[in-house]
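Taking it in order: structure first as structure tokens, then the write-up.
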Amino acid sequence: MRADTLEEQSLGPIKNPVEMLGYNNDEQGIMANIVERLRLIPEYVTLFEQAFGVTEAVSSENIVKAIATFERKITSPNTRFDRFLSGEQSIFTQQEIIGLNKFIDGGCARCHLGPMLSDNILHLGEAIIGTDIVRTPSLRNISYTAPYMHDGSRARLTDAIADYENRGDLDVTIGEDDFADIEAFLQTVNTDDFYKGIPTIVPSGLTVGGNIN
Ligand code: HEC
């Protein structure tokens, strides 16, 4: 909850030592440093000029705008869950309906609710690991966003669901028999209809990481 806008948020990781900054860079000077580095890559100079319609377009402000604009394209419209909600009830399999009911009856939907399946608020002590205060994450496109939890400590979706086993604060006890049904329901909140391309090379020449397929 450190930032109010996507633009502001995109500065967060850049300035945070445990995310991207590291301990050998200075938080105050890092954006100027990045601007300087990007200006040395001709491909970025051209792409920024084209995108923003001015010369010398590589600036700290435009970098965060570019990142935020990219992020706004990562959406999950028309999932089977959305279609179910808008009345196509027969679209769910029996197991998905059972999973949805367990999700509601179990109390998951107390926090994971609404279009984003999140109440968007901070929960003190709800962090599975440690004592951090974390905001309920959206469960949209959940199959593509492993590893799970704020620290990425759960590799598979089943592991994330299993964290709720026998938790006293839920409305009913979630046990091993329920994981597969809940997972089946959560799969309905995925869409294949979003940008999943990972470029093989990027203008900086740095190694491209990530795996969302
Ligand atoms: C009291 C609020 C609350 C309830 C109830 C709740 N959750 Fe969560 N859920 C959270 C919070 C907060 C996190 C983030 C925890 C973390 O990052 O350590 C989370 C994380 C998750 C994640 C991982 C998401 C990710 O992207 O890393 C899954 C999956 C999940 N919950 C499913 C469920 C299921 C299934 C239930 C019911 C059995 C449930 N939740 C009940 C608040 C809740």
Partners for Lys196 among aspartates and glutamates (Cα-Cα distance below 19 Å; same-chain residues under 8 apart left out): Glu71
Relative counts (whole %) of C-alpha pair distances in the range 17-83, using bins that are 5 Å wide: 3, 14, 18, 19, 15, 11, 7, 6, 5, 1
From phi via Karplus (6.51, -1.76, 1.60), per-residue ³J(HN,Hα) for the range 54-67 in Hz, x at Gly/Pro: 9, 7, 6, 7, 6, 9, 4, 4, 6, 4, 5, 5, 5, 5
Signed unit charges on C-beta, dipole axis of the range 151-196, positive-most listed residue Gly152, Asn166, Tyr195: Tyr195
Can you work out ³J(HN,Hα) from phi for every residue in the range 184-189, in order, using Karplus 6.51 cos²θ - 1.76 cosθ + 1.60 and θ = phi - 60°, giving whole Hz and x for Gly and Pro? 4, 5, 4, 5, 6, 8
Computed over the chain: longest principal axis from alpha-carbon atoms vs helix 42-52 long axis, angle to nearest 10 degrees, is 70 degrees
Whole-Hz Karplus couplings 3J(HN,Hα) for the range 195-202, θ = phi - 60° and coefficients 6.51, -1.76, 1.60, Gly and Pro as x, run 5, 10, x, 10, x, 7, 9, 10
Ranked from fewest to most other Cβ atoms within 10 Å of their own Cβ, Lys65, Lys73 fall in the order Lys73, Lys65
Give the relative contact order (percent, whole number) for the chain; include only Cα pairs under 8 Å separated by 6+ residues. 19 percent
If the viscosity is 0.890 mPa s and the temperature 25 °C, what translational diffusion coefficient in µm²/s does Stokes-Einstein give for the chain when Rh comes from Kirkwood over Cα pairs? 123 µm²/s
What is the set of long-range amide H partners of His123 at a cut-off below 5 Å, with H atoms built 1.01 Å from backbone N? Val134, Arg135, Thr136
What size of dipole, in debye to the nearest 20, comes out for the range 6-72 about its Cα centre when the only charges are +1 on Lys and Arg C-beta atoms and -1 on Asp and Glu C-beta atoms? 100 debye
Could you name the lysines in cross-link range of Lys65, using Cα to Cα under 20 Å and dropping any fewer than eight places away on the same chain? Lys15, Lys73
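The numbers here are math on the coordinates, done by the rules we state, and not lab data. Small disclaimer: the values here were computed from a predicted structure and weren't measured. When we count neighbours, we look across all protein chains shown, and the Cβ atoms used for this are built from the backbone with ideal geometry, even at glycine.
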